[in-house]
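S.K.: Starting off with a structure, shown below.
The values are calculated or read from the model by the stated rules, or taken from the named source; none is laboratory data. It should be emphasised that the depicted structure is a prediction, and the values quoted were computed from it without experimental measurement. Note: ideal-geometry Cβ built from the backbone for every residue, glycine included; neighbour counts use all protein chains shown. Accessible surface areas use protein heavy atoms only, side chains included; no ligands, DNA or RNA. Shrake-Rupley method; radii C 1.70, N 1.55, O 1.52, S 1.80 Å.
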Amino acid sequence: MLTVTISVGGNAFTATLYDNPAAKAFLELLPLTLDMRELNGNEKYFYLEQTFPTDASRPSGIHAGDLMLYGNNCLVLFYESFSTSYSYTTLGRIDNPEGLASALGSGGVQVTFRRG
């Protein structure tokens, strides 16, 4: 399993990436600091310049802390749990998402992704 640290303001969260081509490609880009935008009161997203290998499927549900790709280049970090009809490629998830929603806030936010 591959681990990354996701930092928002003064908060750090450990995430475990899945063993798939998209997650490995994402890991190669780290460290990254992104200005992520708000969408729907449940996620932050950022369109990356590079495209990733995808294996999109419709999840049974989205869980707070899920890190996914929408399409082949939109990185999405979910901070609320809900049902969805959209398809995503899974990258990983935050091990303990407690406090993630408050750390991310309600607007755009700068998020840093680092190895380990």
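S.K.: Would you mind finding the one in THR51, THR14 that is among the polar types (S, T, N, Q), surrounded by fewer than 16 Cβ atoms within 10 Å (Cβ to Cβ) and under 12 Å from the mean Cα position of the chain (by Cα)?
M.R.: The unique qualifying residue is THR14.
S.K.: Can you list the strands (runs of 3 or more DSSP E) lying wholly within the stretch 1-75 that have 2 or more residues being touching a residue at least 12 places away in the same chain (Cβ under 8 Å) and among the β-branched types (Val, Ile, Thr)? Full working, then the answer.
M.R.: On the way: elements: 2-8, 11-17, 32-39, 43-47, 66-70.
Answer list for the stretch 1-75: 2-8, 11-17.
S.K.: Looking only at the stretch 76-108, count how many residues are assigned to a loop (DSSP other than H, G, I, E, B) and β-branched (Val, Ile, Thr). Steps first, please.
M.R.: First, the residues of the stretch 76-108 that are assigned to a loop (DSSP other than H, G, I, E, B): 79-81, 83-87, 95-99, 105-108.
This time we only want the ones that are β-branched (Val, Ile, Thr), so: 84.
Of the residues in that region, 1 qualify.
S.K.: Something else about it: What residue, of THR3, THR84, is open to solvent by less than 20 Å² (accessible area, probe 1.4 Å) and of a type in the set (Val, Ile, Thr)?
M.R.: Result of the check over THR3, THR84: THR84.
S.K.: Would you call SER102 of a type outside the set (Asp, Glu) and modelled with pLDDT under 95?
M.R.: Answer is no for this residue.
S.K.: Same structure, new question: Residue check: is VAL76 closer than 21 Å to ALA101 by Cβ, within 12 Å of the chain's Cα centre (by Cα) and buried (at least 16 other Cβ atoms within 10 Å of the Cβ)?
M.R.: When the stated conditions are applied, VAL76 passes them.
S.K.: For the stretch 25-81, give me the residue count where each residue is in contact with a His (Cβ under 7 Å, 6 or more places away or on another chain) and among the basic types (Lys, Arg).
M.R.: 0
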